Every structure is written in C-alpha cells, then in structure tokens.
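Novice: Pasting a structure below so you can have a look.
The values are calculated or read from the model by the stated rules, or taken from the named source; none is laboratory data. Being a predicted model, the structure only gives us computed values, none of them experimental. So basically every Cβ, Gly included, is an ideal-geometry build from the backbone, and we count neighbours across all protein chains shown. Just the protein is used for accessible areas: all its heavy atoms, side chains included, with ligands, DNA and RNA removed. Shrake-Rupley method; radii C 1.70, N 1.55, O 1.52, S 1.80 Å.
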Amino acid sequence: MALLEVRDLTVSFHRRGEPVFTAVDGVSFEVEPGQTVGLVGESGCGKSVTSLAIMGLLPKRGAKVSGSVTFEGTELLRLSDRDMRDRRGRDLGMVFQDPLSSLNPVISIGLQVTEVLERHRGMPRKQAMAEATDLLNKVGIPDPTRRLSEYPHQLSGGMRQRALIAMALACRPRLLIADEPTTALDVTIQAQILALLKELVRDTGTALIMITHDLGVVAGLCDQVNVLYGGRIVERAQRHELFVEPRHPYTHGLLASIPRLDAARGQKLVPIPGSVADNIPWDHACAFAPRCANALDVCRGQTPAEEWHEGRLLRCHNPVEPAADAAAKEDLRV
Amino acid sequence: MLRYVVRRLLQLVVVILVLSLLLFAWLRSLPGGPVSALLGERATEESRRALTAQLGLDQPIFVQYFRFLGRALSGDFGNSTGVAPGSTAMEVFSQRFPATIELSVLAIIIAVLLGIPLGYLAARRRGGWFDNLSVIGSLIGVAVPVFFLAFLLKYLFAVQLGWLPSAGRQTSGIDATRVTGFFVLDGIMTQEWDAALDALLHLILPAMALATIPFAVIFRITRAAVLDVLDEDYVRTAESKGLTTPVVRRRHVLRNAMLPVVTTIGLQTGALLAGAVLTERVFGYPGVGEALAIGFERRDYPVLQLLIIIAAMVYVLVNLLVDVSYALIDPRIRTR
Ligand SMILES: Nc1ncnc2c1ncn2[C@@H]1O[C@H](COP(=O)(O)OP(=O)(O)OP(=O)(O)O)[C@@H](O)[C@H]1O
Ligand code: SF4
Ligand SMILES: [Mg+2]
C-alpha cells in the first residue's frame, strides 16, 4: 500500500468579489514509504496549494478542497481538526520556503523545537531539551546547546532552515513535505541543505515530497517526478526517464532552460517563451498551448487527457518524440 | 538595557528643566492671574498690589523662575493660591495623586481586560457580526467626547437609577483608616471591607468613562495586530507542527500581537491625564485632574507648575516602562 495516495485533489478559492479560481485541478499521485517524489513546475502552478491541502493547512474559509488524500489508509480530508492536529508534526512534517519568516521571532529556537516533542512525544521539558540538542546535532548545527537558547534572528539563513528541518523531523514522521526549502538561501547553502535532506531521508527512511521549480534540485534527489502545469499534472516519470527523455513539451522546455556546466560554449539556453500569465483555461484546450512549440489545432479545442505512454504519465496531444532527444541522451548522465 | 534606562533618565532631567521654563512663562502669559482670582474684580488697587508683592509676582520673570527653581530643588513648590489656599502645592499633590492613580489604574485595567480579549475575538471572527458590531462600537467609543460620556453615565446610573454614587471618593460618615491614600487598598489592608467596597463603588463610573478611549484604541490595535500575525508564516509553521490551538494562540499569535499593543497601552496610559481632568471634574472626584481644572480657573501657578511637571515625568516614565517591557517581549531588541 502506498504511504500517501492523492486522488483527484482539487482546490478552488472562493473569494468575495472575485471569480472562483481553481489552483489545483484533479491532481493524483502516490508516495511509497521512503520514496522521494518531486513536484515541479513554475511559480503559481499549484505546488504549495497541493502541499498545504495534504497537510490540512489551507485557510478554512475561502478554500474548497475535494478529492481524496489517504495517508496509511486514513482519509485525511475527512479527519476532524483535532485528529488532523494529532497527525501534523507527528506523521507528516513540513518545511517551508522562507526560514526567517517561518520561525517565530520572539521565542527561542529551543522552545520551538521542544514544543513539538512535548506535544507529540509527551516529553517533559528537560528531556525534550536533551533530545532537541541531539536533533540540532543531527541536522549539522554546531554548538547546539548555545543555539537552543538563541532566537531566530541570531542564526544564519542556513542554520534557520536546518533548525526548521530538525523541528519537522523531531517526531520521526513517515512523510516530510519540503516546499522549496532552498529557494530563499545562498547557492552554496542550497547545496548543503539538499545534501542534508538527502542524507536524513535515507537514514530515517522518511518519504519526501520535494517541491521545487528547479529541475536541478530534482535531479539530485528524487526517485519520481511529477511535473505540474496550471494546476494539473502534465507528466510523471521516474527521474532517469524524465531527464533522459522528457516527453511533454513543457518538461522539455524546462530541461532545455537549465544552465548546464557541461554545455558546449556558445550553446544557448532555450527558455520557454511567454509566462504562466499566458495560460488559457484547461476546459476545451491545453493550458500550455499559447507557449507550446508542438501545439496542434486540437490543442486549442480539446483538453488533453492523462494517458500512460510506456510507463510514464502524459497529458499531451503531441508529445515530443523520444528520438528527437537522442543526442541529449548521450551527454546527460543523471 | 541598564545603560539605556540610565540614559533615558538623564534625558528626562533635561526635558523637565526645559519644560518647567516654558510652562512657567506660558502660565504667566495667560490673561488674569492669581491675584484677580483670589481678590475678585472689585478689589482695590492697593490690596492687589500688596498681594502681588506678597506672592513675588512683581519681580522680573527670570528672577521669579530662578527663585522657583532654587526652592523646587529643595522640594518646596510654593503655596497653593487657588485650589487649596493654606496648603502647599506639594500637599495638594500628595493628597490627590493617589486618587488619580487609583482611578487611572482601574481605568487601564478595564481597558486592557476588555480590549485585548475582545480585539482577539473580533480578529478570529473577522467579518462576522461580532467583529462588525465591536468595530462600530469602538469607533463610537473614540468619537464620543469624554465629558459627555461622563455626564451620561452619571445621569443614568447615579442620578436616575441611583445604583452608584455620583461624586467623591468615599461616602461621608464612613470612618475609614488611611494608610496609603489609595482608598480601596487602605480598606483591604485594614480589613475595613465596607470602606473598600464604598471606595470601589465611587470609582466605577469615573473609571468607565475614563476607560472608554483607551479601551477602544487597545481593542482596535489588538484586532489589527492579531489579523496581521494570523497571516504570518510562523503561525503556519506552528500549525504544521500540530500544536494545540491554545498553544498556537498564546505562544505564537498573542505573543507577537502584543508588541504593538504594549506600545499602545503605554501611550494610552500617558494620555489618561487629559481624560482624567474632564472625568474628575464631572464626578467631583478629588484627584489631580480636578486640581488641574480648578487650578486653571483660579490661576494657581504653584499647583499647576507642580502637577504639570509631574504629569510630564509620569508620561516619560510610562514610556520608558513600555520600552523596557517591549524589550522583554521581543528578543530582537533585547539581544541587539
Ligand atoms: N489563499 C489563497 N487565496 C487565493 N488564491 C490563492 C491562495 N493561495 C494560493 N492561491 C493561488 O493559487 C495559485 C497556486 O499557488 P501556489 O502557491 O500553489 O503556487 P506555487 O506553485 O507554490 O508557486 P510558487 O513557486 O510561487 O510558490 C496561485 O495563482 C495563487 O495565486
Ligand atoms: S497538448 Fe498540445 S499544446 Fe499542450 S503541451 Fe501537448 S502539444 Fe503542447
Ligand atoms: Mg509555493
């Protein structure tokens, strides 16, 4: 049985005076125990909303969630607020994008780590402090005893994100969701945090949903990748297949726009033309059509359905032919 | 922190010196004066001149000021000429100060105890009927003039309904022992419960009138601050850890929302004196505010000088207290 099963997850925002906006539109995917699954796509494609829906953290008013999210067989979407609270932080942990704003500025790092231990593992404060020291050690924070008594503003960006990871993993959840955990950090720190996450999920057997707009992050970390566009999954494949043979024109474009160290000099990056602002609604069309090099007439008249092509999921009327990338296959070893 | 407090206290000395000079000059530039107030319009020119000389008001203003300053440094602020002739200004102050403190503290307690929880509740139920109703209520609270509200309360609850006393601090005839000058506190300390209760009943109406504006302001600031904090990322982090609602509220929402509220409480406490002048006047409540009102009418220079200088000191000290408690709540300031 899959650890997490997301079926037909749909989230729409209903705000007074605004048209209903569907941010996530029938998304389905699974996460096996210990597996690392990527959720990739440009800004605004619904990555965060998906993860917040799984965690039950969307605003109670204004957000309508439908579909199903089962975790170890339990339907999370129908859980009471209290039962969901019992699971958050214990069975499912989450790390957010901006470590500074994600930490409470007026209470110590120590309390922010121990409060979750007290809550879910019933530890008395003293024992929780000892455990917290251990945890900070594990996430690579030097001098943990001193750090525990400090406040978020006294830590560097990388240290803050490490502390947040420690909090999310404090109760050994089976699933960790990391929503762009490195976007707000310096490049060198990014690599360190990714390496840390990789090591931690390997050592603890925690499953990880890695949310990012950066395929480079996915390349080093994920077993399986879901590519989102306009609130829908447009391609899902194992990491290797996806990188070697991107079939969806959007994935193809994303890959072509990654700067590569081994790129021949003068070889130009090919960014995807246009932006998400050019999206057209999914009904009776492909939302990507205005930006797609492969677009056919049918793309503006009929919604492409999710279909299986040789072990991968695709939502496209005219996928990129595998042969077209034969050359790229040669020099891409991931 | 300690160095900061000391520096602020030194600044206070300078501020008070400058203020005392300005105040001194300003009071003497007002039309009328203690002599007309004491002797009335029909006094002879001769008796006026005699009294002017007796009060030292015939001297050049700088001579008057430095004489005042010299005496003030040894604790002598002169004799009251209007509020309580025969007493020193210091006696007027020390008799009335506890009354005003008692009233102000009760008013602030009412304002804080109602303003913070209601503001929090309104924020949690943003856009609901409770929120809308209390926002309108707080707007009215700020808009209604204090003296009008004081009259209204007095008329309704004291005059018409007779539920509460309409004036003073204590019903005459109650034989209460004085210890501190805080009547409620005295009653409790001496276990004269009837006196304590009687003093408290006298406080209720003026305290309510005085509390209105601070309450309305504290309510609105709390509501706005909680709304801001509820949207913060760290509240989402707290929720993602599965913390119980009370912990999320107290530790993560309220604690951060209290930062602007503490400043507001301080400013409102400092501004209370303006409201106290009107409220005490309406309720004939023998505090500093009433003395200021009477002092102005009768041009009682010594009493006005002392009371206004002390009011300024209290204002500065309250603000210092605010800064200190702000630093206690916010480690970003404390550990700078
Ligand atoms: N609370 C909300 N109310 C209304 N609309 C929202 C809300 N939260 C998100 N949205 C909208 O849903 C869409 C998807 O947002 P989401 O945050 O999931 O994007 P994302 O893929 O995480 O992008 P990013 O890379 O910028 O984080 C966006 O268009 C956003 O404006
Ligand atoms: S369905 Fe058509 S427009 Fe959409 S990605 Fe495929 S080819 Fe491009
Ligand atoms: Mg996001």
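Novice: Measure of size requested: the Rg and Dmax of chain B, with Cα atoms as the atom set and Å as the unit; please supply both.
Specialist: According to the Cα coordinates of chain B, Rg and Dmax are 23.7, 85 Å.
Novice: Considering amide H positions built from the backbone, and no H for Pro or chain starts, which residues 5 or more places from A:Leu39, or on another chain, come under 5 Å of its amide H?
Specialist: A:Met210, A:Ile211, A:Thr212, A:Asn226
Novice: Between A:Gly41, A:Gly231, A:Gly62, where does the largest GNM mean-square fluctuation fall for chain A, given springs only between Cα atoms within less than 10 Å?
Specialist: Of the options given, A:Gly62 has the highest mean-square fluctuation.
Novice: Ok, one more. Whole angstrom only: what separates the Cα centroid of region B:114-154 from the Cα centroid of region B:294-336?
Specialist: When both Cα centres are located, 27 Å separates them.
Novice: Would you work out which of A:His284, A:Thr145, A:Ile209 lies farthest towards the positive end of the dipole of chain A? Charges go on Cβ: Lys and Arg +1, Asp and Glu -1.
Specialist: A:Thr145
Novice: Let me ask something additional. If you take the Cα Rg of the protein assembly as shown and divide it by 2.2 N^0.38 Å, with N the number of residues, what do you get?
Specialist: Rounded to two decimals, the normalised Rg is 1.36.
Novice: At R0 = 56 Å, how high is the FRET efficiency between A:Glu18 and A:Thr204 if r is their beta carbon distance? Nearest 0.05 is fine.
Specialist: The computed FRET efficiency comes out at 0.85.
Novice: What is the Cα convex hull volume of region B:2-55 when expressed per residue in Å³?
Specialist: Dividing the Cα hull volume of region B:2-55 by its residue count gives 93 Å³.
Novice: Which percent of the accessible area of the protein assembly as shown is formed by carbon and sulfur heavy atoms (probe 1.4 angstrom)?
Specialist: In the protein assembly as shown, the share of accessible area belonging to carbon and sulfur is 59 percent.
Novice: For region B:42-58, in order, what is each residue's ³J(HN,Hα) by Karplus, 6.51 cos²θ - 1.76 cosθ + 1.60 with θ = phi - 60°, in whole Hz (x at glycine and Pro)?
Specialist: Once θ is set to phi - 60°, the couplings for region B:42-58 become 9, 5, 6, 4, 5, 5, 4, 5, 4, 5, 4, 5, 4, 7, x, 7, 7 Hz.
Novice: Between region A:1-37 and region A:101-128, how far is it from one alpha carbon centroid to the other, in angstrom?
Specialist: That distance is 30 Å.
Novice: Between B:Ser87, B:Ser74, B:Ser20, which gets the highest mean-square fluctuation from a Gaussian network model of chain B, Cα cutoff 10 Å?
Specialist: For chain B, modelled as a Gaussian network with Cα springs under 10 Å, the answer is B:Ser74.
Novice: Using a 10 Å cut-off on Cβ to Cβ distances, tally the other chain neighbours for every residue of A:106-115 and report the average as a whole number.
Specialist: That works out to 4 on average.
Novice: DSSP loop GluC sites (Glu not before Pro) in region A:145-246 with at most 16 other Cβ atoms within 10 Å of their Cβ, which ones? If you can, show how the numbers build up before the last one.
Specialist: On the way: sites: A:Glu150, A:Glu199, A:Glu235, A:Glu241; in loops: A:Glu150.
Here no GluC sites (Glu not before Pro) fit, given the DSSP loop and packing criteria.
Novice: Turning to a different aspect of this structure: So with the 1.4 Å probe, I'd like the accessible area per residue for region B:2-55, rounded to whole Å².
Specialist: Values: 3900 Å² over 54 residues.
About 72 Å² of surface per residue is accessible.
Novice: Using a simple charge model, +1 on the beta-carbon of Lys and Arg, -1 on the beta-carbon of Asp and Glu, nothing else, what dipole does the protein assembly as shown show about its Cα centre, in debye to the nearest 20?
Specialist: Dipole about the Cα centre, nearest 20: 1060 debye.
Novice: If I take the Cα coordinates of region A:4-227 and project them onto the principal axes, what are the three extents in Å, biggest first?
Specialist: Taking max minus min along each principal axis of the Cα atoms, region A:4-227 gives 50, 38, 37 Å.
Novice: Further question on the same structure: So for the protein assembly as shown, taking the charge dipole from beta-carbon charges (+1 Lys/Arg, -1 Asp/Glu), which of B:Trp193, A:Ser12, A:Val106 sits furthest toward the positive end?
Specialist: B:Trp193
Novice: Could I ask something else about it? Show me the trypsin sites (Lys or Arg not before Pro) within region B:178-274 that DSSP assigns to loop and that have at most 11 other Cβ atoms within 10 Å of their Cβ.
Specialist: The qualifying sites are B:Arg178.
Novice: Here's a follow-up. Taking the Cα centre of region A:4-227 as origin, sum charge times position over the Cβ atoms of Lys and Arg (+1) and Asp and Glu (-1), and report the length of that vector in debye to the nearest 20.
Specialist: 760
Novice: While we're looking at this one, here's another question. For chain A, what's the relative contact order in percent, using C-alpha pairs closer than 8 Å and at least 6 residues apart?
Specialist: 19 percent.
Novice: Between A:Asp81 and A:Gln192, take the C-beta separation as r, use R0 = 35 Å, and let me know the FRET efficiency to the nearest 0.05.
Specialist: Calculated value: 0.45.
Novice: From the phi of every residue in region B:86-92, what ³J(HN,Hα) in whole Hz does the Karplus formula 6.51 cos²θ - 1.76 cosθ + 1.60 yield, where θ is phi - 60° and glycine or proline is x?
Specialist: x, 9, 7, 4, 4, 5, 4
Novice: On to the next question. Taking the Cβ-Cβ separation of B:Gln191 and B:Ile329 as r and a Förster radius of 35 Å, what is the calculated FRET efficiency to the nearest 0.05?
Specialist: According to the calculation, E is roughly 0.40.
Novice: What list of ³J(HN,Hα) couplings, whole Hz, do you get for region A:152-160 from phi and the Karplus terms 6.51, -1.76, 1.60, once you set θ to phi - 60° and write x for glycine and proline?
Specialist: Computed from phi, the couplings for region A:152-160 are x, 5, 8, 9, 6, x, x, 4, 4 Hz.
Novice: Right, next: Starting from the amide H of A:His309, placed 1.01 Å from N in the peptide plane, find each other amide H under 5 Å away whose residue is 5 or more places distant or on another chain.
Specialist: Close amide H contacts, sequence-distant or interchain: A:Leu314.
Novice: Distance between the C-alpha centers of region B:178-251 and region A:228-248? Whole Å please.
Specialist: Taking the Cα centre of region A:228-248 as reference, the centre of region B:178-251 is 57 Å away.
Novice: Here is a further query. DSSP loop (so not H, G, I, E, B), at most 13 other Cβ within 10 Å: list which trypsin sites (Lys or Arg not before Pro) in region B:17-97 pass both filters.
Specialist: Here the sparse-neighbourhood loop sites are B:Arg42.
Novice: Tell me, in nm to one decimal, what length is gained between B:Leu73 and B:Ala167 on full extension, where the rule is 0.36 nm per residue of separation less the Cα-Cα distance?
Specialist: 30.2 nm
Novice: Sticking with this structure for a sec: I want to make sure I understand the PRE zone here: with the label point 7 angstrom from the Cα of B:Arg7 toward its beta carbon, which residues in region B:290-322 have backbone N atoms less than 15 Å away?
Specialist: From region B:290-322, the list is B:320.
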